[in-house]
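Please read the structure below before turning to the comments.
Please treat every number below as a calculation from the coordinates, not as lab data. Just so it is clear, the structure is predicted and the values come from calculations on it, not from any experiment. Cβ: placed from backbone, ideal geometry, glycine included. Neighbour counts: every protein chain shown.
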Amino acid sequence: MVYTIHGWSFNKDVWLKTPFVDAFHLELPGHGSSTLQISDISKVAKELGKVIENGSTVVGWSIGASVAILMAVYFPEKVDKLILYSPTPLFCGLSQPEVVCKRFLKKLNRDFEATVSWFRKECGFSGTYPLPDKDKAIKLLESYMNLDLRNVLPKVSVETDIVVGLKDEVTKLSGAFGCFSLLPFSSIKIYPDKFHFLF
């Protein structure tokens, strides 16, 4: 069974034009039709991990990649493979300076819709997309910004494919290579013409 987890401010529809269109799509709190009321990334991974079957492949993009990694740690008997799009072991402090993270959160609180729109353009996305729930989305992002996976990644003992765009200005090449260097069974593929939004 294949499960997907989308990126922040998007929903399961990002997978519609990908090889994973027929997978089971998991959604983050405040996004799409998710009913999850929690905002802590670790707790989200534990809740989503409860619903997947043994021997699963988990595909995650950006914040979804971090959730997928934690699912593999919490449920090693359930996850056989990871496919990680634009992952990072440490968003604030590696992929982005901490001051940028703080500034972005302030902008979200001031003008959520305009800031989300700007962020999506930074991802390389063009078009319209439903907004996530403001409070849940911001709390989830704060949890992601405080997440450090560097001590967790070496514990992941499954085959892992990492995919990243050379023009990714969100989690950046540094994030992908940070995961690649710490995941013991990983490979990496770089698309020279792609941004953070790889689909």
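Before moving on, here are some points about what is shown:
- Debye equation applied to the C-alpha atoms of the stretch 68-115, log10 I(q)/I(0) at 0.13, 0.15, 0.22, 0.28 Å⁻¹: -0.51, -0.62, -0.81, -0.96
- Taking a ≥ b ≥ c as the square roots of the eigenvalues of the alpha carbon gyration tensor, the stretch 1-55 is oblate, as a/c is not under 1.5 and a/b does not beat b/c.
- Only helices enter this figure: runs of n ≥ 4 DSSP H residues, each worth -39500 (n - 2.57), summed and divided by the residues of the chain, yield -10500 deg cm²/dmol at 222 nm to the nearest 500.
- Close amide H partners of TYR191, meaning residues 5 or more places away or on another chain with modelled amide H under 5 Å apart, are VAL164, GLY165, LEU166.
- Extending 7 Å from Cα along the Cβ direction at GLU169 and again at LEU131 yields two label points whose distance is 2.3 nm.
- Separation of alpha-carbon centers, the stretch 130-195 and the stretch 1-73, rounded to whole Å: 13 Å
- Of the GluC sites (Glu not before Pro) in the stretch 120-199, those whose Cβ has at most 14 other Cβ within 10 Å and which sit in DSSP loop: GLU169
- Any cysteine of the chain lacking a neighbouring Cys Cβ under 4.7 Å - listed by number: CYS123, CYS179
- Label zone at ASN109, where the point sits 7 Å out along the Cα-to-Cβ direction: the stretch 138-168 residues whose backbone N lies under 20 Å: 138-147
- Calculated diffusion of the stretch 1-103, Stokes-Einstein form, Kirkwood radius summed over Cα pairs, 25 °C and 0.890 mPa s, µm²/s: 177 µm²/s
- Among the listed pairs LYS155/LYS194; LYS43/LYS81; LYS102/LYS155; LYS12/LYS194; LYS107/LYS189, a Cα-Cα separation exceeding 26 Å is found for LYS155/LYS194; LYS102/LYS155; LYS107/LYS189.
- Relative contact order of the chain, defined on C-alpha pairs under 8 angstrom at six or more residues apart (%): 24 percent
- For the chain, the Cβ-based charge dipole about the Cα centre amounts to some 420 debye (Lys, Arg positive; Asp, Glu negative; other atoms uncharged).
- With 10 Å bins beginning at zero, the pair-distance distribution over Cα atoms of the stretch 2-191 amounts to 10, 40, 39, 11, 0 %.
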